[in-house]
1. If you take the residues in the range 52-81 that are among the hydrophobic types (A, V, I, L, M, F, W, C) and in a loop (DSSP other than H, G, I, E, B), which one is modelled with the highest pLDDT?
2. Conditions: (1) open to solvent by less than 60 Å² (accessible area, probe 1.4 Å); (2) outside any loop (DSSP other than H, G, I, E, B). Val206 meets all but one. Number of the miss?
3. Cβ contacts < 6 Å: first residue at negative phi and among the acidic types (Asp, Glu), restricted to the range 169-195; second residue in a loop (DSSP other than H, G, I, E, B) and open to solvent by 30 Å² or more (accessible area, probe 1.4 Å), any location; separation 6+ or different chain. Result?
4. Restricting to the range 136-172, name every residue that is farther than 16 Å from Val184 by Cα, modelled with pLDDT under 95 and part of a loop (DSSP other than H, G, I, E, B).
Amino acid sequence: TQSSAWTLLALAAYRDTVENKQKGPRNADGSVIAGSESFGFSVSEAKPAARKIFPVKPGEGASQKLDVENPSGAPLYGETSFEVYPALGEQPRQDRGFAVSRSYRKIAQDGSLIPAENLRVGDRVIVTLRVESARPAHFVAIDDPLPSILEAVNPEFVSRQSGESANRDDNLWLSYCETRADRVLYFCDALPAGAHTFEYLARVRVAGKAAAGATKAEAMYRPERFGLGTIDRLASEPVSTP
């Protein structure tokens, strides 16, 4: 894109006017110190970068600082990024143009749908998303995070036991669906007013307890128009042995 091109041009100009004219050593050995933890690094033209993750415990961020020791005095350039994970709390539903809800149902041995209770590894689960809109919308993205105990089944697969497609969605307004490791995404170029249902098949992959983040529906070019569902919690057990 144009913005990326300007960034590359700026980096190339910086290299020509600054780094290519630098004299002295290009290699550097030193360390980065964060609190009681120290990370030694050695960079050179063959190995121009070093990377280290420093976890910050809750409540210690304001008091922890990074110190860099560089005895060689060679120029160093740093880049820092932060990943913040707030404590997971209850997420109230928010209707800012879309009303979003989600439900989980287990596929029983006879193919019927029953409540998603007493789940075990290998069980199949139908995830149903419901999006309601009081007026038409365009270019809508629907993002449904998966709990860590579930994995979405590839829509190209067919479940022979249930006799139905892994992607059960029959919404005529669906433009594109994307299945990822941690979420399922739907995209609708045009979404008329009314209630719309999207369904997909998932499988219990591990035993444990997990929370699924809130489903979000958003008009991509009007982000002030969105809807959030609630956080759901699921639990599963290992396969029982005879």
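The values are calculated or read from the model by the stated rules, or taken from the named source; none is laboratory data. Note that the structure is predicted; figures quoted are calculated from it, not measured. Cβ atoms come from the backbone with ideal geometry, glycine included; neighbour counts cover every protein chain shown. Just so you know, the surface numbers come from the protein's heavy atoms only, side chains and all, with ligands and any DNA or RNA stripped out. Shrake-Rupley method; radii C 1.70, N 1.55, O 1.52, S 1.80 Å.
1. The first filter runs over the range 52-81 and keeps only residues among the hydrophobic types (A, V, I, L, M, F, W, C), leaving 53-54, 56, 62, 66, 68, 74, 76.
Those still in the list that are in a loop (DSSP other than H, G, I, E, B) too: 53-54, 56, 62, 74, 76.
Numbers: Ile53: 87, Phe54: 82, Val56: 77, Ala62: 58, Ala74: 80, Leu76: 82.
The qualifying residue modelled with the highest pLDDT is Ile53.
2. The number of the failed condition is (2).
3. Asp189/Ser175
4. Once the filter is applied, which keeps residues that are farther than 16 Å from Val184 by Cα, modelled with pLDDT under 95 and part of a loop (DSSP other than H, G, I, E, B), the range 136-172 yields Arg160, Gln161, Ser162, Gly163, Leu172.
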